[in-house]
1. If G126 satisfies every condition in (1) crowded, with 17+ Cβ neighbours inside 10 Å; (2) not in a loop (DSSP other than H, G, I, E, B) but one, which is the exception?
2. Mind listing just one residue for me: the one in segment 58-116 that is of a type in the set (D, E) and under 25 Å from R137 (Cβ atoms) and, of those, surrounded by the most Cβ atoms within 10 Å (Cβ to Cβ)?
3. Out of curiosity, is T115 modelled with pLDDT of 95 or more and not in a strand (DSSP E or B)?
4. Taking the condition of being assigned to a strand (DSSP E or B) and either without any contact (Cβ under 8 Å) to a residue 12 or more places away in the chain or surrounded by 15 or more Cβ atoms within 10 Å (Cβ to Cβ) (or both), how many residues in segment 187-216 meet it?
5. Which count do you get for residues in segment 211-252 that are of a type in the set (A, V, I, L, M) and out of contact with any strand residue (DSSP E or B) (no Cβ under 8 Å at 6 or more places or on another chain)?
6. So, in segment 217-233, of the ones that are charged (D, E, K, R) and surrounded by fewer than 17 Cβ atoms within 10 Å (Cβ to Cβ), which residue ends up nearest to L42 (Cα to Cα)?
Amino acid sequence: MTDINLAAYLARINHQDALAPTLPVLRALQRQHVMHIPFEDLDSFQGREVSLGLADIEAKLITRGRGGYCYEHGLLFRNILEQLGFQVRGLLARVYWGAAEDARPARSHMLLQVTIDGIAYVVDTGFGVMTGVAPLRLDQETPQPTSHETFRIRHEDGIYTQQALDEGHWRTLYRFDLTACWPADYEVANWFTSRHASSRFVSDLIATRVDANCRHILRNNHYSVRYPDGRTLRQELDSPAAVLAVLEDTMRIRLPNKAQLRKRLEEQFASRDLFPSRAIQEP
């Protein structure tokens, strides 16, 4: 396996500081990663294959200025951390964000366990709407504030539940155990996520990016800006051109084959009851 070009990655995320396998370095790398490499599903949304080969991930997320979803972010970040000497394990979680607490979803979300000086942390650079901006301790059940949201991790019978404080209520992001996952596990999950008709990443255009003081979130023509204090400003975009502008200017994605993407968006606008455009407003 050929490692991802470390110098090119560091330039992509604008990291110029220390590189030792320590917690401060992990914190800095994670924050820079999510601020400079967006979450997006443009390939699966357009019916294209999502490759998990490291060379393809490097070309897409680093060289071509694109983003990706959880497997691409997770595999990229894992390789970088391992090059720097971190102890890393790949995991898979069952996503409960937007689902009932008694749902039985498949294991479909990639995240990482990073162990430093005997302490295990959850590191997640690819959850989209709630992508982590800092490592979270696995052995701590009390709330863990970050620069954007407050999280907590509950533990019962070998199952960990990660939650976020959202408008005064704890909402479950996902549940996972510490079973190490192999490349084949991610390939199977990736096939379903990028190909199956019931996958949200096939039917919906999704893109997010973390800014220093907010999150930008786009789902189809619904664009929102979420602030750490809980305020969310929302806007419905009225045309494919407006969606493309948010992808380029706000999400900072170098769009591949813009004409084809515009056509796919036109089809979506024609087939769905999308809201008319109105200015960003507080809820």
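1. With respect to (1) crowded, with 17+ Cβ neighbours inside 10 Å; (2) not in a loop (DSSP other than H, G, I, E, B), G126 is out only on (2).
2. Initial filter on segment 58-116 (of a type in the set (D, E)): 58, 72, 82, 101-102.
Now narrow it down to the ones that are under 25 Å from R137 (Cβ atoms): 82, 101.
Numbers: E82: 14, E101: 9.
Among them, the one singled out is E82.
3. On the way: modelled with pLDDT of 95 or more: yes; not in a strand (DSSP E or B): no.
Answer is no for this residue.
4. Taking segment 187-216 and keeping what is assigned to a strand (DSSP E or B), we get 206-211, 214-216.
Those left that are additionally either without any contact (Cβ under 8 Å) to a residue 12 or more places away in the chain or surrounded by 15 or more Cβ atoms within 10 Å (Cβ to Cβ) (or both): 206-210, 214-216.
Number satisfying all stated conditions: 8.
5. Keep residues of segment 211-252 that are of a type in the set (A, V, I, L, M), which gives 212, 217-218, 225, 233, 237, 241-247, 251.
Retained after the next criterion (residues that are out of contact with any strand residue (DSSP E or B) (no Cβ under 8 Å at 6 or more places or on another chain)): 212, 241-242, 244-245.
Residues in segment 211-252 being of a type in the set (A, V, I, L, M) and out of contact with any strand residue (DSSP E or B) (no Cβ under 8 Å at 6 or more places or on another chain): 5 in total.
6. Let us first name the residues in segment 217-233 that are charged (D, E, K, R), namely 219, 226, 229, 231.
Restricting the remaining residues to those that are surrounded by fewer than 17 Cβ atoms within 10 Å (Cβ to Cβ) gives 219, 229, 231.
Working: R219: 11, D229: 30, R231: 27 Å.
Within segment 217-233, the match that is nearest to L42 (Cα to Cα) is R219.
Residue-wise test of (1) in contact (Cβ under 8 Å) with a residue 40 or more places away in the chain; (2) not hydroxyl-bearing (S, T, Y).
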{"residue": "A18", "(1), (2)": "no, yes"}
{"residue": "R27", "(1), (2)": "yes, yes"}
{"residue": "R31", "(1), (2)": "yes, yes"}
{"residue": "V34", "(1), (2)": "yes, yes"}
{"residue": "D41", "(1), (2)": "yes, yes"}
{"residue": "E49", "(1), (2)": "yes, yes"}
{"residue": "D56", "(1), (2)": "no, yes"}
{"residue": "Y71", "(1), (2)": "yes, no"}
{"residue": "L76", "(1), (2)": "yes, yes"}
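The values are calculated or read from the model by the stated rules, or taken from the named source; none is laboratory data. What you see is a predicted model, and the numbers here were worked out from it, not measured in a lab. As a convention, Cβ positions derive from the backbone with ideal geometry for all residues, glycine included, and neighbour counts pool all protein chains shown.
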